[in-house]
Amino acid sequence: MDRHRVPLPLKKVLRDTSPDELALQRMWTSVRRRSSGAERPRRLVRVTVMAAAAAVLLGFGLGRWGGRSSGPDPLYLADRTVIPVLEQPGQAQAPLVVQVTDGSRISLDPGTRLEPLDNSGPLFRARLRHGRARLDVRSGDARRWIIEAGGVSVEITGSKVAIYHAERRCEVEVYEGAVMVRGPGVTGGAQRLGAGQALNVEEAPASAQAVPASPAQARHTSQASQAPQAPQAPPPSALPLNAPQASRSAAPKAPQPSRPVPSTADSQHPGDPPPLPSPAPTTPAPSAGPPAAPAPSNAPPSLSAEDLIALADMARQSGRPREALPLLDRVVSEHPHDPRAALAAFTRGRIEFDDLAEPAHAATSFRQALTLAPPQALAEDIYARLIEALLRADQRPAAEAVAAEYRARFPAGRYRERMQQWLDAR
């Protein structure tokens, strides 16, 4: 029996002690409250708040991710300022080069204006008012560039291209990549150009549109219709602008007594033969008829280089490219120190090469343009066209000499590879 006796320490533990009634009451109250669901509202509130916070954070994260996936950010200049209207004055001696935030580069030749229209991120749209813009677009497929030039739009994605726009004429040349050219003057409405390809687009001339006559012209027309009919002279457009004065005066023309006859000395063009003495006003020679009005090419010498170039563009756009040549000659002879003189000689060479198929004459004009101190960007174009004209005129040794001169002047020129391809092909 002694071995079944409880040890004294355990005996002390099991002795009857009075419990803490207050602690037991608090414990059972807590148990009953939990079992009855009294704390469920507060727990639900905590869970709801945590779920709402998680939803807000998740929505914020998805919003940022979705914003990034919708397209790139808008373009800015290198200093993070908004891209403004870009313009390089015609008297500048170098192009205006602008770097944008995606690594693309915009280069504007003198006399060029580019106006941004839309810069929403996935799309950059701009209007080329006039001049030549060279675009090195590095955005890839993430952003489209659309350049509008008159009635032509050029879509660019990751390409290097040059766009030239004058009044009613647009030229697109692709150096790298590919572009899509759209417009009513493009064959089929749209055409894709790859590297090394170019496209010239001529719009409809403005002369084809009907223009209402002024009241003075209407009165003059009504008076002429009541007068006796006389043999009509051929229209001025039927005669070349540089035709001799005698050939124009030989055609009979209705007399106009109310309009004074201009002096031939005022309209004499440099290099023309001296004018014949005009007959006395009181005793005109009956066989010769009244003196003819001055030819359009014999415009007053006060015309600026810009005006003469504009007149030459109008003649070319009207389908009379040869009539533009004497006007461009006047730019060089009357304004030799104007920055546009080199451009006029270059334009003359392009007309002779592209429109008149006279490569030998075009080469002479291109050589003259190089002597007029053209800007660097234009000088590269002149060298390229000069080599092309010399090769077309079967003057390969001269073309090789010009190519060597180009490589010495422009060691990293953009036409080096193309010139070598032209020489190898010949």
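Every number here is computed from the coordinates shown, using simple stated rules; none is lab data. Model, not experiment: these values are computed from the prediction. In this analysis, Cβ positions are derived from the backbone assuming ideal geometry, glycine residues included, and neighbour counts consider all displayed protein chains.
Go ahead and run the numbers for FRET between GLN420 and LEU123, Cβ-Cβ distance against an R0 of 45 Å, rounding to 0.05.
It comes out at approximately 0.75.
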Under 5 Å, built H, 5+ apart or other chain: amide partners of TYR76: THR101, ASP102
Cβ-Cβ FRET estimate between ASP394 and ASP355, R0 fixed at 25 Å, reported to 0.05: 0.75
Peptides 154-163, 82-91 ordered by average Cβ neighbours within 10 Å, highest first: 154-163, 82-91
Gyration tensor (alpha-carbon) shape descriptor, region 92-198, a/c threshold 1.5: rounded
Distant-in-sequence amide H partners of GLN197 (H built 1.01 Å from N, under 5 Å): VAL174
Extension reserve of the ASP307-GLN25 stretch, reckoned as 0.36 nm per residue once the Cα distance is removed: 90.7 nm
Region 305-412: C-alpha gyration tensor shape, a/c 1.5 cut-off, then a/b vs b/c: oblate
Note, ³J(HN,Hα) from phi for region 409-426, Karplus 6.51, -1.76, 1.60, rounded to Hz, x at Gly and Pro: 7, 10, x, 10, x, 7, 9, 4, 5, 5, 4, 5, 4, 4, 5, 5, 5, 8
Per-pair calculated FRET efficiency, R0 = 22 Å: ALA178 and ASN200 via Cβ, rounded to 0.05: 0.80
Packing-based ranking, highest mean first, of 110-119, 325-334, 187-196 given that Cβ atoms within 10 Å are counted: 325-334, 110-119, 187-196
